[in-house]
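The values are calculated or read from the model by the stated rules, or taken from the named source; none is laboratory data. Small disclaimer: the values here were computed from a predicted structure and weren't measured. FYI the Cβ positions are ideal-geometry reconstructions off the backbone, even for glycines, and counts take in every protein chain you see.
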């Protein structure tokens with residue numbers, strides 16, 4: 001349990017860097033950002049696949065390939081396409097905050113799975129997480145009152161963020177369920193295979209860019225910016241995509257689905273932290289309150305899970321063992337007077353006439 005939580009936190013720290021790149025590359029379209037990021041991810045994953053290809057390939061089934069394509073398309077390409085669009089339109093904070101609702105949506109979607117804690121026990125932790133998200137939203141929209149972006153632009157940006165939320169909710173639930181049903185791949189192996197499939201889909205995006213009329217997808221940029229484009233996408237490919245996904249898959253195999261949903265909140269926290277560092281400022285009062293509420297809510301949820309089905313099962317097993325031991329001693333106690341040395345040392349038994357016995361009664 002503790003190792004799974006650690007993997008989830010580290011994955012969130014790496015995923016938080018994803019929110020910075022669209023802001024650092026505002027002149028590149030979301031479609032191009034998705035194509036560049038996942039093409040690099042595919043190349044890195046293919047290099048990582050080569051040493052393990054002989055042992056991984058025989059285990060790969062048609063069902064695995066179908067699952068990989070669906071997870072890569074929704075959880076990587078569509079998610080980042082929506083996210084980059086939202087960051088371009090409304091900024092890092094609103095986008096990260098809407099995606100930060102994931103602990104609630106994943107918990108609600110996965111509450112019927114095996115190992116899930118009853119929703120009534122998660123009511124207060126989820127309420128604290130929701131309160132933290134509300135605090136950040138209030139701070140962002142009050143602090144950004146002087147923003148002159150049009151209402152239509154804000155609505156489009158928020159809609160893209162909601163689309164990213166929907167993609168990630170579906171991915172988180174389906175990926176965890178598939179890994180728990182199919183244990184023939186480790187977390188790192190699954191991440192590498194997923195990266196190769198994502199890279200192939202990213203290559204198809206470049207074909208879409210090429211066939212579309214010039215200027216419709218991407219405006220011309222200088223060669224120096226293209227260098228930064230590929231460098232930043234390489235960092236994301238190695239850190240956020242390959243290593244981050246591997247850590248997340250390892251966490252998903254060790255945690256109940258509802259708890260893995262709570263771990264996603266760390267992506268929001270780290271995204272906000274990186275945003276503060278990038279803006280060279282300290283968090284405001286409501287931002288501090290939101291961070292405290294989110295951390296306390298997640299910690300509380302961890303405690304609820306550690307006292308859930310696993311501990312109950314251990315208590316039942318311990319009680320069964322105690323009952324079995326007690327029964328064993330009772331059997332020995334009943335058998336001892338009739339066997340062993342007790343038979344040789346006991347006084348001879350005098351049989352009484354049946355009539356005398358009845359008279360004594």
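Here are the numbers for the structure shown:
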quantity: Unique match (being closer than 20 Å to residue 5 by Cβ and modelled with pLDDT of 50 or more) among 302, 288; calculated: 302
quantity: Residues of segment 192-246 that turn out to be under 16 Å from residue 73 (Cβ atoms) and under 27 Å from the mean Cα position of the chain (by Cα), as a count; calculated: 14
quantity: Top-ranked residue of segment 73-129 - restricted to ones that are surrounded by fewer than 22 Cβ atoms within 10 Å (Cβ to Cβ), under 18 Å from the mean Cα position of the chain (by Cα) and modelled with pLDDT of 90 or more, ranked as farthest from residue 245 (Cα to Cα); calculated: 78
quantity: Qualifying residue in segment 39-48 (condition: touching a residue at least 24 places away in the same chain (Cβ under 8 Å), under 23 Å from the mean Cα position of the chain (by Cα), in a helix (DSSP H, G or I) and over 26 Å from residue 209 (Cα atoms)); calculated: yes
quantity: Failed item in (1) within 23 Å of residue 267 (Cβ to Cβ); (2) surrounded by fewer than 16 Cβ atoms within 10 Å (Cβ to Cβ); (3) modelled with pLDDT of 85 or more, with residue 160 passing the rest; calculated: (2)
quantity: Test: residue in segment 186-207 that is outside any helix (DSSP H, G or I) and modelled with pLDDT under 85; calculated: yes
